[in-house]
Amino acid sequence: MLKVTKGALVEYSLSLPPLALVFDFNPQTLSRTRTIQLRTGSAPGTVGGYDFTLPTDTPRVAQGVTVLPESFTIDILIDGTDRLMTGDAIAEQFGIEPELDTLRSMVEPKSQGPGGLQMLSSLGLGGGRAFQRDQSASVLLFVWGTRILPVFLTGIRVEESAHLPSLAPYRATVQLTMQVIEGNNPFFKVEKMRQVISAALNTGRTIGAALGGLV
């Protein structure tokens, strides 16, 4: 039997408490995508285009390349069965609607309230012009295992599979698509440092194995 671990999405804001969803998911269902775009048509801004001979030519060649932010897709199961069996009052009345509404709130536009607090823009609070100017998406922290990455939640797909007599769902499979916020923030810097160290470990092991084969 495969071990199930915990994951979480937490809104990175001044709202108290912040939006948060903790869930179980199998790491085998996590998909990571990194895309590189090559400029087509004319040469990438310099003489010679993508032609190269020596390693010193590669900076010029790479001018026509754009690396897009990494994206994640995970499938999670949100199930209120255990809470129903223990007589949880919220689960008995609402099923897993609170969890699903948390995810919906994470993708809806927010507006800046007093003291930096965020609120759903659809509530229509605040002045008209400032309301539009301050409208923004939620910055979320995707936590799984020991890793924490800042992300935008770019897609949610919900398949409800079991309902209470009131038709409130108590079990659903949810697919979440996220894009990593790459740039000057502490969470991304830590992840890049971890990546560099991990790649160095692999390089050292590869070189060690090659040298060992020569002996």
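The values are calculated or read from the model by the stated rules, or taken from the named source; none is laboratory data. Given the structure is predicted, the values throughout are model-derived calculations rather than measurements. Cβ placement follows ideal geometry from the backbone for every residue including glycine, while neighbour counts extend to all protein chains displayed.
Report, by residue number, each residue of region 175-198 that is without any contact (Cβ under 8 Å) to a residue 24 or more places away in the chain and under 27 Å from T154 (Cβ atoms).
G183, N184, P186, K189, K192, M193, Q195, V196, S198 - these are the residues of region 175-198 that are without any contact (Cβ under 8 Å) to a residue 24 or more places away in the chain and under 27 Å from T154 (Cβ atoms).
Restricting attention to region 14-27, does a residue exist that is modelled with pLDDT under 75, in a helix (DSSP H, G or I), loosely packed, with under 10 Cβ neighbours inside 10 Å and within 20 Å of the chain's Cα centre (by Cα)?
Looking for residues that are modelled with pLDDT under 75, in a helix (DSSP H, G or I), loosely packed, with under 10 Cβ neighbours inside 10 Å and within 20 Å of the chain's Cα centre (by Cα), one finds none in region 14-27, hence no.
Looking for something closer than 30 Å to A91 by Cβ, assigned to a loop (DSSP other than H, G, I, E, B) and over 18 Å from the mean Cα position of the chain (by Cα) - is there at least one such residue anywhere in region 168-183? Break it down stepwise before answering.
First, pick out the residues of region 168-183 that are closer than 30 Å to A91 by Cβ: 168-178.
Going one step further and asking which of them are assigned to a loop (DSSP other than H, G, I, E, B), we end up with 168.
Filter once more, keeping what is over 18 Å from the mean Cα position of the chain (by Cα): 168.
The answer is yes, given that some residue of region 168-183 is closer than 30 Å to A91 by Cβ, assigned to a loop (DSSP other than H, G, I, E, B) and over 18 Å from the mean Cα position of the chain (by Cα).
Identify, by number, the condition in (1) among the small types (G, A, S); (2) in contact (Cβ under 8 Å) with a residue 60 or more places away in the chain; (3) surrounded by fewer than 13 Cβ atoms within 10 Å (Cβ to Cβ) that A172 doesn't meet.
Unmet for A172, out of (1) among the small types (G, A, S); (2) in contact (Cβ under 8 Å) with a residue 60 or more places away in the chain; (3) surrounded by fewer than 13 Cβ atoms within 10 Å (Cβ to Cβ): (3).
Pick from region 183-215 the residues that are among the charged types (D, E, K, R) and more than 23 Å from T29 (Cα to Cα): which of them is modelled with the highest pLDDT?
By that ranking, first place goes to K189.
Output the residues belonging to region 157-191 that are within 21 Å of I74 (Cβ to Cβ) and out of contact with any strand residue (DSSP E or B) (no Cβ under 7 Å at 6 or more places or on another chain).
The answer is E182, V190.
Mind telling me which of the residues R157, R133, R129 ends up being modelled with pLDDT of 75 or more and either exposed (fewer than 12 other Cβ atoms within 10 Å of the Cβ) or assigned by TED's automatic domain parsing to the domain that holds L14 (or both)?
Working: R133 fails: modelled with pLDDT of 75 or more; R129 fails: modelled with pLDDT of 75 or more.
Residue meeting the stated conditions: R157.
Filter region 91-109 for residues that are in contact with a strand residue (DSSP E or B) (Cβ under 7 Å, 6 or more places away or on another chain), part of a helix (DSSP H, G or I) and free of Cβ contacts under 8 Å to residues at least 40 places away in the same chain and give the result.
Correct list: empty.
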